[in-house]
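The values are calculated or read from the model by the stated rules, or taken from the named source; none is laboratory data. Everything quoted here is computed from the prediction, not taken from an experiment. A quick note on method: Cβ atoms are made from the backbone with ideal geometry, for glycine too, and the neighbour counts reach across all protein chains shown. Calculation scope for accessible area: heavy atoms of the full protein, side chains included, ligands and nucleic acids excluded. Shrake-Rupley method; radii C 1.70, N 1.55, O 1.52, S 1.80 Å.
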Amino acid sequence: MPFCTADPNLRNDWLTVGAASQLRAAPAAHPVPARLLGNDLLLWQNDAAAPHCSADGRALPIISRYGYLWVHTGDGPAPALFELPEFAQPGRRIVDCGGIGVATSGLRVVENFLDMAHFPYVHTGTLGKVPHTEVAPYRTAVDAASGEIWATECHFFQPRASASAGDGIDAHYRYRVMQPFTAALYKTCPNRAGEWDVIGLFVQPLDDEQVIAHVLLVYDEDVLLDAEMIAFQHMIFGQDKPILESQRPRRLPLSGPLEAHMRCDLTSSTYRRWLRQRGVTFGVHREPGA
Amino acid sequence: MTTRCDWFPALPAQALTVANTVVAASVCGQDLALWRSASGSVQAWEDRCPHRGVALSLGRVLGDRLACAYHGWEYAAGDGRCVAIPAMPHQPVPGKVCVKTFAAAECQGMVWVAPAENPPAVPPPVAATDTTPHFLRSIAIAVPWAMVEAALAAHDFTPAGPCQWRGAWAGHDRLLLWTLDASADWCLLHVASAAPPPQAQLPGLFGALRHLRERLQIAAGT
């Protein structure tokens, strides 16, 4: 079975197929099935715990990084995977929150992850609360060296910014888009002034309109159990999921009159322009006849 | 078969309480958010926020406005114009942001919707009754509209106007039925009684409706 897209933005880059821990009990004789870009994969690890991947009887390059498996489906050389230095920083808690299936384009999922304006409405009482609805001006830029998008100087009033937050805080955020389907959020750490908690969003595209959204926490957190941190993230994503699955079209429009853009949508506009400039077609809405 | 006009019977008006519910509906393949503003008028809007495409039927009625569930953008009853963007509370809302709206009218207990670009020149058809009907049930049937129409004709119901039938069935002798062409592969059958229904015979009627649905869906292979 062939992969369902030739988009070089996906075929020539690393795409996640889920947590590395799924291979702990998967020797070559008992591989784990996975799905990526409309194709079935088999994943397993050898006696040295090195991951392996095959599709259509052909071996594909696979690496284990940041607790996740990353597969390269293209024929050309694989680029370096993005950097996430906090992952190796001493004292950080690493918590894999698991994958959540969402029936929409992965680009919609990433755009939702980059958005603050929905906090008071979708995450009422945790990440936001009416009447604190204003999105204060912030900056976005594309880093010349890495090609990544950074949104900085973001802040938003949050009644309960994380599972460990006691009172409401003016939470400070920095957003980062590493690849079309991966992003990270750096947010005020309620426990350690000056540190940033990191949430990684790694989207595994099953096809143009079906994804698994994987969430990784890289936190300075000493008290909460893994289960409490995971439950908080599941609650947040459970609130986003019905909104995301109701969006029409499911694929993201990168231009045209279908959707309105305001100053408060700066990250979204920047992300769409960045996708357009890269020529991304996978998960993108095309006007009939266009 | 009954005739068709520009209006389609979307749902019993009693399902739309004032300034409260938003109902997701489908009429001739057009997804709609149906709601009733504080002033009482029924609204039939495209079920899609013009900001990020989220279903407006997930939203909330705020008096004479409908607020989107995603970012709280508010749209005014009537023309569907955006009147508030809470993320930018101090800036004027650009006039061009607008929900697509359709003509809707209430007629003897039924909400009629015209899913066309332009509103029809004539009001919706009058029901074949001089009193407000007692609505009993609306059932979805996963077959094309014409199949349900043919089944009602075969049951000896009498055409009573566009998408409307009257007749007797399962111990109810003054039934009124409306058929809604929801989309290419499913429709809604609204069932009402012109007189207060005999309660003891309702289970028999509902059983007959379920049986009709099963029979049609098996015939259509759905």
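One line per residue, one yes/no per condition, for (1) more than 19 Å from the chain's Cα centre (by Cα); (2) at pLDDT below 95:
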| position | (1), (2) |
| --- | --- |
| A:Y219 | no, yes |
| A:Q233 | no, no |
| A:Q239 | no, no |
| A:P242 | no, no |
| A:R248 | yes, no |
| A:S255 | yes, yes |
| A:E259 | yes, no |
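In the range A:168-183, which residue that is surrounded by fewer than 23 Cβ atoms within 10 Å (Cβ to Cβ) and within 11 Å of the chain's Cα centre (by Cα) is nearest to A:T133 (Cα to Cα)? Residue satisfying both the conditions and the ranking: A:R176. For B:I139, are the conditions met, namely being away from chain A (no Cβ under 14 Å), within 22 Å of B:S57 (Cα to Cα), open to solvent by less than 60 Å² (accessible area, probe 1.4 Å) and β-branched (V, I, T)? So B:I139 passes the test.
I'm checking my understanding of the structure. Among residues of the range B:30-49 that are surrounded by fewer than 22 Cβ atoms within 10 Å (Cβ to Cβ) and within 13 Å of chain A (Cβ to nearest Cβ), which one is farthest from B:W186 (Cα to Cα)? Per the criteria, the residue is B:E46. Of all residues being open to solvent by less than 30 Å² (accessible area, probe 1.4 Å) and more than 14 Å from A:A260 (Cβ to Cβ) in the range B:78-103, which is nearest to the other protein chains (Cβ to nearest Cβ)? Just the residue, please. Among them, the one singled out is B:P86. Can you find a residue in the range B:178-201 that is hydroxyl-bearing (S, T, Y), open to solvent by 70 Å² or more (accessible area, probe 1.4 Å) and in contact (Cβ under 8 Å) with a residue 24 or more places away in the chain? Within the range B:178-201 (the criterion being hydroxyl-bearing (S, T, Y), open to solvent by 70 Å² or more (accessible area, probe 1.4 Å) and in contact (Cβ under 8 Å) with a residue 24 or more places away in the chain), the answer is no, since none of the residues qualifies. Annotation for the range A:139-153: no member residue is touching a residue at least 40 places away in the same chain (Cβ under 8 Å), within 14 Å of another protein chain (Cβ to nearest Cβ) and within 18 Å of A:W196 (Cα to Cα).
I'd like the full set of residues that are closer than 19 Å to B:G161 by Cβ, of a type in the set (S, T, N, Q) and either surrounded by fewer than 13 Cβ atoms within 10 Å (Cβ to Cβ) or under 17 Å from the mean Cα position of the chain (by Cα) (or both), limited to the range B:104-131. B:Q108, B:T131 - these are the residues of the range B:104-131 that are closer than 19 Å to B:G161 by Cβ, of a type in the set (S, T, N, Q) and either surrounded by fewer than 13 Cβ atoms within 10 Å (Cβ to Cβ) or under 17 Å from the mean Cα position of the chain (by Cα) (or both).
The number of residues in the range A:117-127 that are more than 8 Å from chain B (Cβ to nearest Cβ) and either more than 20 Å from the chain's Cα centre (by Cα) or in a loop (DSSP other than H, G, I, E, B) (or both) comes to 5. For the range A:259-276, the tally of residues that are surrounded by 15 or more Cβ atoms within 10 Å (Cβ to Cβ) and within 9 Å of chain B (Cβ to nearest Cβ) stands at 6. Does the range A:243-250 contain any residue that is in contact (Cβ under 8 Å) with a residue 60 or more places away in the chain, open to solvent by 10 Å² or more (accessible area, probe 1.4 Å) and within 14 Å of A:A183 (Cα to Cα)? So far as the range A:243-250 goes, no, none of its residues is in contact (Cβ under 8 Å) with a residue 60 or more places away in the chain, open to solvent by 10 Å² or more (accessible area, probe 1.4 Å) and within 14 Å of A:A183 (Cα to Cα). List the pairs whose first member sits in the range A:87-102 and is not assigned by TED's automatic domain parsing to the domain that holds A:I243, whose second member is modelled with pLDDT under 95, and whose Cβ atoms are under 8 Å apart, counting only residues at least 6 apart or on separate chains? Pairs that qualify, where the first residue is not assigned by TED's automatic domain parsing to the domain that holds A:I243 and the partner is modelled with pLDDT under 95: there are none. When only residues in the range B:65-75 that are more than 7 Å from chain A (Cβ to nearest Cβ) and open to solvent by 20 Å² or more (accessible area, probe 1.4 Å) count, which is nearest to A:Q247 (Cα to Cα)? So the residue we want is B:E74. Residues of the range A:265-290 that are of a type in the set (A, V, I, L, M) and either at pLDDT 95 or above or under 20 Å from A:P205 (Cβ atoms) (or both): A:L266, A:L275, A:V280, A:V284. Would you pick out the residues in the range B:50-64 that are within 14 Å of another protein chain (Cβ to nearest Cβ) and not aliphatic (A, V, I, L, M)? Passing the criteria: B:P50, B:H51, B:R52, B:G53, B:S57, B:G59, B:R60. Criterion applied to B:L216, B:L175 was being surrounded by 13 or more Cβ atoms within 10 Å (Cβ to Cβ) and more than 15 Å from B:G109 (Cβ to Cβ), and the one residue passing it is B:L216. All conditions in (1) touching a Gly at 6+ places or on another chain (Cβ under 8 Å); (2) on the phi > 0 side of the Ramachandran plot; (3) in contact (Cβ under 8 Å) with a residue 24 or more places away in the chain hold for B:G109, with the sole exception of (1). Of the residues making up the range B:73-90, those that are assigned to a loop (DSSP other than H, G, I, E, B) and farther than 16 Å from B:A19 by Cα are B:W73, B:D79, B:I85, B:P86, B:A87, B:M88, B:P89, B:H90.
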